[in-house]
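Bear in mind these aren't lab numbers, they're just calculated from the coordinates by the rules spelled out. Keep in mind it's a predicted model, so treat the numbers as computed, not measured. Don't worry about glycine lacking a Cβ; one is built from the backbone with ideal geometry, like all the others, and counts go over all protein chains shown.
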Amino acid sequence: MIHVDGRVNPVEDVATINFELALSDLLQVERRIDKLKKGKAKSPTERAQEAIELEVLKRISLSLESGIPVRVLKLSEEESLLLSTLNLLTQKPCIYAANVCESDLRTKGNGNIYLESLLDLASSEGSAVCIVSAKIESELVQMELEEREFFLEELGVKEVGLPALVRAVYKQLKLQTYFTTGEKETRAWTTKIGATAPQAAGVIHTDFERGFIKAETVSYEDYVASEGIAKAKEKGLWRLEGKEYVVKE
């Protein structure tokens, strides 16, 4: 596949896309600024809040005019909250997918100047890079499961394509998985990293969070090594955790 500009420069490609997204966000910000300038707030508290928001939006507007994504700016939690209703595209966490050849997939792009420049850019703005090979992916689709595993083993690659992207997304969004398991089924649930046991229970059902008392817990590694909950209990690896317990991946 030939690049539309006849050259390879992922950093410039990112700059082009970010600039277009910034223009879209700029329209949103300018509309909000115009609305705030009309000053329809009634109470002193509302007027003070709008004044703070207006200052933040003006600062963001200047950055967007230069094509700088909002996610690069060092905004406080309060400032980020003020922008939440605008749903700005350049404020969202970002993952870049780098399409590389087979040899670069094996070495994770070590020595590839284009990939290294993209990794540096992503690091500077708090984004992530998922390394993929479209050629390898197209070959894997046509293989049976056993063939895929052998092929990847020969390549020296543990994870490619969708699984790698999902893992990158979870990491970028600060999400993690925990399991509930019983005699009939085991299910996976997604929660924020740092969630307490009641918060994690609330992902299953809000009533579980409100009525939370305790959780029967064992680590995934211990559960697998013990071949189930019974032996985990015998080994003393099973435990009860209360409301302050922070759920692990």
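How long is the gain from residue 124 to residue 147 if the chain were fully straight, where each residue apart is worth 0.36 nm and the alpha carbon distance is subtracted?
Full-extension gain reported as 4.4 nm.
Quick one: 3J(HN,Hα) in Hz for region 99-104, Karplus 6.51/-1.76/1.60 with θ = phi - 60°, rounded, Gly and Pro as x.
Result, rounded to whole Hz: 8, 10, 7, 4, 5, 6.
Average the reciprocal distances over every distinct pair of alpha-carbons in the chain, invert the result, and give the Kirkwood radius in Å. Write out the running numbers ahead of the final one.
Details: mean 1/r = 0.0445 Å⁻¹.
With all distinct Cα pairs of the chain included, I get 22.5 Å.
Quick check: residue separation of residue 154 and residue 87 times 0.36 nm, minus the Cα distance between them. What number comes out in nm?
Contour length minus the Cα-Cα distance gives 19.7 nm.
At 222 nm, what value in deg cm²/dmol follows for the chain if DSSP H runs of at least 4 each add -39500 (n - 2.57) and the sum is divided by all its residues, to the nearest 500?
Theoretical 222 nm ellipticity from helices: -16000 deg cm²/dmol.
For region 1-102, what number of Lys pairs, 8 or more residues apart or on separate chains, have alpha-carbon atoms under 25 Å from each other?
11
Could you tell me the calculated FRET efficiency between residue 78 and residue 134, based on Cβ-Cβ distance and R0 = 41 angstrom, to the nearest 0.05?
0.45
State, to one decimal in nm, how far the label point of residue 55 lies from the label point of residue 108, with both points 7 Å from Cα in the Cβ direction.
The two pseudo-label positions are separated by 4.3 nm.
Taking 0.36 nm per residue of separation and subtracting the Cα-Cα distance, what length does fully extending residue 239 through residue 177 add?
Extra length from residue 239 to residue 177 when fully extended: 20.4 nm.
What nm distance separates the two modelled labels at residue 186 and residue 27, each placed 7 Å from Cα along Cα→Cβ?
4.9 nm
From the cross-link list 184/233; 192/214; 184/231; 192/235, which pairs have alpha carbons spaced over 23 Å apart?
On the way: 184/233 19 Å; 192/214 19 Å; 184/231 18 Å; 192/235 30 Å.
Too far apart for the 23 Å limit: 192/235.
Between residue 19 and residue 246, what FRET efficiency follows from the Cβ-Cβ distance if R0 is 35 Å, with the result rounded to 0.05?
0.30
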